[in-house]
Amino acid sequence: MKFLELEIFNDFKCIGSECPFTCCSGGWKIIIDSKSDSYYMSVNGPFGNKLKNNITTKGGDRCFALTEDGRCPFLNKENLCDLYINLGEEHLCDTCKTYPRYSFLAGDILFEGVSISCPEVADFFLSHKEALKIDYAESKKSGINDPKINWEVFNHSVRAFTTAVEIAQDRELTISERLTLVTLFSFQFQTYIDGKRDPSGLIELFRNHSGFSQILPQTGIYQRDIGCKAEFIAEFISLFRNMSSLYANLPELYELIRCLEDEEQLSASLGKWKLAYQTFDVEEAQIWQEQILVYVIYRYFMQGFERKDFYMKQVRGIILLFELIVSTLVLYHLKYDRLPDFKECALIVAHSSRIVEHSNSFADKVIEHFKTKGIMDPAFLFRLFS
Ligand code: SF4
């Protein structure tokens with residue numbers, strides 16, 4: 001069996017009661033695996049009774065019955081886990097043992113990473129100055145031998161994935177340039193795969209970074225289109241405005257929408273929008289945008305292998321996560337003439353991830369809305385990345 005692990009997968013440590021946005025209080029359905037459920041039902045005494053009274057069946061799944069304010073009933077007032085305290089770490093259910101780690105299988109490779117919806121992970125991604133490492137490992141367990149897998153396409157797609165990561169980590173380019181190249185490359189790669197053509201030449205073209213100076217001017221990204229960006233943000237956040245859980249999940253955006261609407265700052269002068277975007281051009285901001293872009297490529301590109309929809313998967317991650325974070329920070333700048341401090345930024349990243357990466361129905365709604373407006377079209381995206 002082969003594994004790819006995105007940095008911090010093995011080193012991650014939960015900070016428990018120190019966590020500013022614990023995963024046990026976000027209103028998430030915590031599904032209990034059948035082995036843990038059987039064990040919980042066998043526990044005797046007062047804690048056994050508490051378990052029996054606080055585990056329920058919802059939509060066919062066994063899960064903890066959340067309190068009215070969306071907390072796990074075993075999360076105590078000190079934000080510590082009573083289940084951990086009473087039964088030990090080994091008896092946490094699989095969901096609690098696993099989060100924020102995630103994994104998915106593509107071909108014969110298991111991709112493993114940590115979700116940026118955990119503030120501790122977001123903190124790591126934003127503060128990590130070096131390029132993120134992706135480690136390769138192999139175990140003695142026998143590999144996947146699925147006759148339905150098209151190994152030729154798989155090998156091309158792994159090479160395309162590593163090419164996209166290399167472009168995203170090329171610090172001789174600006175983030176706008178990297179976003180543009182990664183998008184253009186994955187769009188063209190998708191066209192080759194759809195047309196059942198050999199993409200080797202295309203991959204080689206995008207592995208040769210010296211050729212980027214000829215490709216980039218043709219995309220139009222050097223004419224920064226502030227009007228297009230501002231219009232996109234206004235429309236983007238209009239989809240979040242009426243979300244009932246916006247305050248609970250992304251309070252920063254909730255507050256900003258209310259303040260800016262009152263002050264009519266959403267129609268602020270283009271000069272103010274321009275200043276806000278310029279703050280993303282400084283080196284420090286370029287680095288954390290790189291880490292989020294690599295996170296998106298790692299998490300989504302190869303998930304497209306099963307249905308051969310690489311481009312859609314990756315663009316969806318970029319629009320939903322990357323653009324939501326940037327939009328919230330731009331609005332923050334419009335309101336306060338500065339970006340939030342590092343800790344607040346990390347929390348905005350974690351909050352944004354929870355709202356779009358852990359709620360497929362909402363994420364689908366946003367994507368469907370924009371699809372009709374041509375947002376999946378690279379030309380539109382280049383204007384957004386300009
Ligand atoms: S969100 Fe992360 S750091 Fe916070 S309690 Fe959950 S796993 Fe721990």
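Throughout, read-outs are computed from the coordinates displayed, never taken from laboratory work. Please read these numbers as outputs of a predicted model, since none were measured by experiment. Here the Cβ positions follow ideal geometry from the backbone for every residue, glycine too, while neighbour counts run over all protein chains shown.
Label reach from His358 (point 7 Å along Cα→C-beta): in the range 116-140, amide nitrogens under 15 Å belong to 116-123.
State whether the range 325-371 is rounded, prolate or oblate according to the following rule on the C-alpha gyration tensor (a ≥ b ≥ c being the square roots of its eigenvalues): a/c under 1.5 gives rounded; otherwise a/b larger than b/c gives prolate, and the remaining case gives oblate. Taking the square roots of the gyration eigenvalues as a ≥ b ≥ c, the range 325-371 is oblate. Around Lys2, what is the net charge, scoring Lys/Arg as +1 and Asp/Glu as -1 over all other residues with Cβ under 9 Å from its Cβ? Net charge in that neighbourhood comes out at -2.
Fully extending the segment from Ile15 to Gln286 would add 94.8 nm, taking 0.36 nm per residue of separation and subtracting the current Cα-Cα distance. Straight distance only, please: which lysines reach the Cα of Lys129 with their own Cα at less than 23 Å, same-chain residues fewer than 8 apart left out? Excluding near neighbours in sequence, the set is Lys13, Lys343.
Report the extension gain between His209 and Ser42 in nm, rounded to one decimal, defined as 0.36 nm multiplied by the number of residues separating them, less their alpha carbon distance.
Working: separation 167, 0.36 × 167 = 60.12 nm, distance 6.07 nm.
Between His209 and Ser42, full extension yields 54.1 nm more.
Taking label positions 7 Å along the Cα-Cβ direction at both Phe342 and Asn54, the computed distance is 3.5 nm, reported to one decimal. Each Lys and Arg Cβ is given +1 and each Asp and Glu Cβ -1; about its Cα centre, the chain then shows a dipole of about 820 debye. Taking springs between alpha-carbon atoms closer than 10 angstrom, which of Ile375, Ile203, Ile144 fluctuates most in the Gaussian network model of the chain? Fluctuation is largest for Ile144. Using Cα springs under 10 Å in a Gaussian network model of the chain, which residue among Asp33, Asp146, Asp123 shows the largest mean-square fluctuation? Result for the chain, Cα springs under 10 Å: Asp146 fluctuates most. For the range 200-244, the square roots of the Cα gyration tensor eigenvalues, ordered a ≥ b ≥ c, give a/c of at least 1.5 with a/b no greater than b/c, which places it in the oblate category.
When the chain is treated as a GNM with alpha-carbon contacts under 10 Å, the residue of Asp309, Asp108, Asp69 showing the greatest mean-square fluctuation is Asp69. Working from label points 7 Å from Cα in the Cα-to-Cβ sense, the Arg171 to Ser139 distance is 3.4 nm.
Rounded, prolate or oblate: pick one for the chain, where a ≥ b ≥ c are the square roots of the eigenvalues of its C-alpha gyration tensor, a/c under 1.5 means rounded, and failing that, prolate if a/b is larger than b/c, else oblate. It is oblate, given that a/c is not under 1.5 and a/b is not larger than b/c.
The GluC sites (Glu not before Pro) of the range 72-134 meeting both criteria, a DSSP state outside H, G, I, E and B (loop) and at most 11 other C-beta atoms within 10 angstrom of the site's C-beta, are Glu78, Glu130. Restricting the trypsin sites (Lys or Arg not before Pro) of the range 345-378 to loop positions (DSSP other than H, G, I, E, B) with no more than 14 neighbouring Cβ atoms within 10 Å leaves Lys373.
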